[in-house]
Every structure is written in C-alpha cells, then in structure tokens.
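All remarks here apply to the structure that follows.
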Amino acid sequence: MKFFDNMKSQYLLTGGYMLKCGIIGLGRIGSLLEDDTRREKPASHAGVIDSHPECELRAGCDIDGEKNNAFKIRWNCSNTYSDYDLMLKNEKLNIVAIATPPETHLEICRSAVKYNVDVIVLEKPVAHSIDQANEIADLVSASNSKVIINHERRYSLQYRNCKKIIDDKLYGDLVSIKSTLYMGRNRELASMLYDDGTHMIDLIHYLSGSRMQIMSVSCDTNKKQFYCTGTVNNTMFCFEAGSRRDHLVFEIDLSFENGRITVGNGYYHEFNSIVSPFYDNYKSLQMLDVKFPQSKYFSEMFKDAVRCAKNRNAVPVSTVKNGVEAITVIEQMIKFLLK
Ligand SMILES: NC(=O)c1ccc[n+]([C@@H]2O[C@H](COP(=O)([O-])OP(=O)(O)OC[C@H]3O[C@@H](n4cnc5c(N)ncnc54)[C@H](O)[C@@H]3O)[C@@H](O)[C@H]2O)c1
C-alpha cells in the first residue's frame, strides 16, 4: 500500500476516486527525465502521474530489471512487471502510458485495448512505419479505449497562445511559417524526422488546422541538411532540418500580415507592427513583453488524459489520427530524400 500525499488524501476525503495508472517502459520519458535538473517539471510519465491529485501510480513495467528497480525506489512503487500483458491483465488500469521504442507500440497497444484500458497515452512517433501506425488507428477505433499521442506541444501554453492568435487573426492572416530543427552533430535525417520532426510536423498541423502539402524537398549530398517547402491551409511553409551543429534548435517562426511570433524550446517572442522608428512611411516590428515562465506541456497533456478517462465522450486534443498524419508526412519527406 502506498501512502498518498496531502493533495491525494484530500481528494479521497472529498469522495473522489483515484484513477489507476501504469507505465510501460521505465526509461527516459517513462521516468528518468524527472531527474534532469534543468527540465521543466513534470518531465516524465511517472512524474506527471505522481503529481496528479486524482491519480495513483499503480504499476510500472520494463524488460530491463535495473529500470524496474530504479523505478521502485524513485517512485516508492513496488509493483513492477517485466511482462506488460500480465501487468495490464492484473491491474485493470484506467490510464497507461506506453513509453517504449516505436517498434513495440503496436503490440503493446493491442494488449492495452484487449484489457479495456480507458486511455492509452502513447509516446511519439505513433509507430516506426505508416502501416503499423494505421493498424494502431484501426484497432483503437474498433475499441473502447482512447489514445492520446504525446505530441506535447499541442498542450503547451506558448503554442496554445499561438493557435489562438492565428484563429482570432490578431495580426491578420498567417502569411508564412518557417520551422527549424537542429538536433546535434550526428543525427541521421530519417531518424531526426521520426524522433523530433514528428513534433514539428504535428505542431504545424495543429497551428494551421490542416495537413502539410509538400512541394519540394532538397538536401545536400551527405544528407545532413534538408529543406522542405509546401503549403498548409494556403500558407507557405519552409521546414529546415539538419545535423552538424553542437546544439539543439526547435523553432517555429510565424509571420503574419502585421505581426510575428518566434517560439522555440524555452523562449517566446511576439512582435506587433508599429510606425517605424527608423524610416519615414514604413512600419517595423516591436517586441512585446509576453512571457511564459512555464509551458506546462506535460501536466496539460496529462490533464487531457484524465478528462478523457472520466468522460466517455471526450475527444483528446492530440489524437491517434493526428499522429498518423505526422507519420504520413514524414514518409513523404523520406521518399523525396531517397529519390
Ligand atoms: N514526447 C517526448 O518529448 C519524448 C521524449 C523522449 C522520448 N520519447 C519517446 O518515448 C519512447 C521511449 O523513448 P525513451 O527515450 O524513453 O527510450 P528509453 O530507451 O530511455 O526507454 C525505453 C524503455 O522501454 C523499455 N522497453 C523496450 N521494450 C519493452 C517492452 N516490450 N516491454 C517493456 N519495456 C520495454 C526499455 O527497456 C527501456 O527502458 C520513444 O517512442 C521516444 O520517441 C518522447
């Protein structure tokens, strides 16, 4: 028996019931990233479940015994398994997070659906091929389970603010989107697109409300630097990805008729256009003082999972269909690269 903290005990005292939650895959995003001293918290599935007043971290599962042991100690949860099917059968979970490599997602989803888990929080990318992603979508749509894909930027306060500005036309029409993805020195393009590009593509889909239509893809002979252009909801986009840098960049630059927003990991810059202080008869951009001390990306995602577990009719903000659309675009990009 686990003793609950004050928040959880208060919730129980007011007659609330705890949602039973489990995690499959107790590696970085499952648990370990919580101890990254610089990351915004919660930063892992274990962290977000542990901190939610209406949820109980009931069990964890990993094929690696060391991960199970570390999880037991870190989260004071002695209930671990090496077989996810057994865990799902025994624990009758309301919410399960699948935080294993993409090639395992289909089989684990099959099992979660078989045991009627209410909400499956599935890590991105949905799968490592479009065929498997479609299989997951089909099996979920024929079940009572809902799936939330952890394309977490859909939930972050910065990007939600961008979406509202676009939808409300605060700065007029969105004219163009530039997005940049640099993921260190040595990443292969295809793996970068699957691992990180899926976040960018899904974000562009989320913000524009439409699927990217690719017009061109070009890359250098070493396939280290890549540009993709096209349209999304009648807005032109340019998506750049590459390696050979010693740093990470995930940035989207939204250019409006009379404003601009540049947003990336850890920063948000919003500009409106004003009479230019530099030139007669022109306008220039001025940066506004808009700050988001926290993005709440993980806690807002998990709030959606709890909402969906409690309400049969609720539709997730990040659906399996959205996840499949991201994979579809990635596969189109890779086809261009292979030509
Ligand atoms: N949303 C994000 O920002 C984000 C960040 C990191 C990783 N991810 C995604 O999360 C997933 C896991 O990535 P990670 O970096 O945590 O990897 P990881 O290697 O650190 O952890 C994966 C864990 O899954 C375990 N595992 C593998 N097969 C299993 C099985 N059949 N049953 C039980 N456990 C199994 C491994 O032993 C390992 O401990 C990937 O899909 C990755 O793309 C998402």
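The values are calculated or read from the model by the stated rules, or taken from the named source; none is laboratory data. Remember, predicted model here, so these are calculated numbers, not experimental data. Ideal geometry is used to build each Cβ from the backbone, glycine not excepted, and the neighbour counts take in all protein chains shown.
Data table
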quantity	calculated
Residue that is out of contact with any strand residue (DSSP E or B) (no Cβ under 6 Å at 6 or more places or on another chain), under 20 Å from Val119 (Cα atoms) and more than 16 Å from the ligand (Cβ to nearest atom), where the choices are Gly47, Gly25, Gly16	Gly16
Count of residues meeting criterion [at pLDDT 95 or above and either under 17 Å from Lys20 (Cα atoms) or crowded, with 22+ Cβ neighbours inside 10 Å (or both)] in region 300-321	13
Matching residues in region 50-69 - criterion: being near the ligand (Cβ under 8 Å from one of its atoms) and acidic (Asp, Glu)	Asp62, Asp64
Every residue from region 66-103 that is β-branched (Val, Ile, Thr) and touching a residue at least 60 places away in the same chain (Cβ under 8 Å)	Ile95, Val96, Ile98, Thr100
Of all residues making up region 113-131, the number that are crowded, with 20+ Cβ neighbours inside 10 Å, more than 16 Å from Asp304 (Cβ to Cβ) and away from the ligand (no atom under 12 Å from the Cβ)	0
All positions within region 231-260 that are over 17 Å from Ser210 (Cα atoms) and under 20 Å from the mean Cα position of the chain (by Cα)	Glu240, Ala241, Leu248, Val249, Phe250, Glu251, Asp253
Residue check, Glu123 free of Cβ contacts under 8 Å to residues at least 40 places away in the same chain and not polar (S, T, N, Q)	no
Subset of region 17-43 (residues that are without any contact (Cβ under 8 Å) to a residue 40 or more places away in the chain and in a helix (DSSP H, G or I))	Leu32, Leu33, Asp35
Long-range neighbours under 7 Å by Cβ, at least six apart or interchain, first residue part of a strand (DSSP E or B) within region 179-193, second buried (at least 19 other Cβ atoms within 10 Å of the Cβ) and β-branched (Val, Ile, Thr)	Ser179/Ile204; Ser179/Ile252
Only one of Ser255, Ser284 that is at pLDDT 95 or above, small (Gly, Ala, Ser) and under 25 Å from Val232 (Cα atoms)	Ser255
Flag for Cys219 being at pLDDT 95 or above, more than 19 Å from Lys169 (Cα to Cα) and of a type in the set (A, V, I, L, M, F, W, C)	no
Hits in region 194-227 (condition: charged (D, E, K, R) and without any contact (Cβ under 8 Å) to a residue 24 or more places away in the chain)	Asp220
Selection within region 70-106 - more than 10 Å from the ligand (Cβ to nearest atom) and small (Gly, Ala, Ser)	Ser78
Those residues of region 136-152 which are of a type in the set (S, T, N, Q), under 12 Å from Asn116 (Cα atoms) and either in contact with a strand residue (DSSP E or B) (Cβ under 7 Å, 6 or more places away or on another chain) or within 16 Å of the ligand (Cβ to nearest atom) (or both), in sequence order	Ser145
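Yes/no per residue for (1) surrounded by fewer than 17 Cβ atoms within 10 Å (Cβ to Cβ); (2) under 23 Å from Leu122 (Cβ atoms):
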site: Lys8; (1), (2): no, no
site: Leu13; (1), (2): yes, no
site: Arg39; (1), (2): yes, yes
site: His52; (1), (2): no, yes
site: Leu57; (1), (2): no, yes
site: Ile63; (1), (2): yes, yes
site: Lys67; (1), (2): no, yes
site: Ile73; (1), (2): yes, no
site: Cys77; (1), (2): no, yes
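This table checks each residue for (1) closer than 21 Å to Phe298 by Cα; (2) modelled with pLDDT of 95 or more; (3) out of contact with any His (no Cβ under 7 Å at 6 or more places or on another chain).
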{"residue": "Tyr17", "(1), (2), (3)": "no, no, yes"}
{"residue": "Cys21", "(1), (2), (3)": "yes, yes, yes"}
{"residue": "Glu91", "(1), (2), (3)": "no, yes, yes"}
{"residue": "Glu103", "(1), (2), (3)": "no, yes, no"}
{"residue": "Arg110", "(1), (2), (3)": "no, yes, yes"}
